[in-house]
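Trainee: For reference, the structure I am asking about is given below.
Taken together, the values in this text are just the output of simple stated rules run on the coordinates, not laboratory data. What you see is a predicted model, and the numbers here were worked out from it, not measured in a lab. Cβ sites come from the backbone with ideal geometry, for glycine too, and all protein chains shown count toward neighbours.
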Amino acid sequence: MQFSGQRFFGTGAPTENASNGSMYVDVTTYTQYFYYNGAWHVIGANAVQIQGVKVATTAPTNGQNLQYASSTTDWVPTSPTP
């Protein structure tokens, strides 16, 4: 990891502690993170959690919605049943 002021750059998710307001960019996926309240948080347009529950990385197809799957404890794309 390379440090440049309050900005961090590297590969993979950040694991180091930082000061509030620090930014981190994973240079392989361009995922952006923001450090506050003692933890790194993903920022951007993609939801990775809803109320602390992971959202599956599988992209939905037309007409699908998110449904909680207790078997995987994830929100997953699912086709509605009529």
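Trainee: Please identify which residues in segment 28-53 have an amide N closer than 20 Å to a label point set 7 Å out from the Cα of Gln64, following the Cα→Cβ vector.
Mentor: Under cut-off, by backbone N: 45-51, 53.
Trainee: Put a dot 7 Å past each Cα toward the Cβ at Glu16 and Ile50; how far apart are the dots in nm?
Mentor: 3.6
Trainee: Evaluate 2.2 N^0.38 Å with N set to the residue count of the chain, then give the Cα radius of gyration divided by it.
Mentor: Compactness ratio reported: 1.37.
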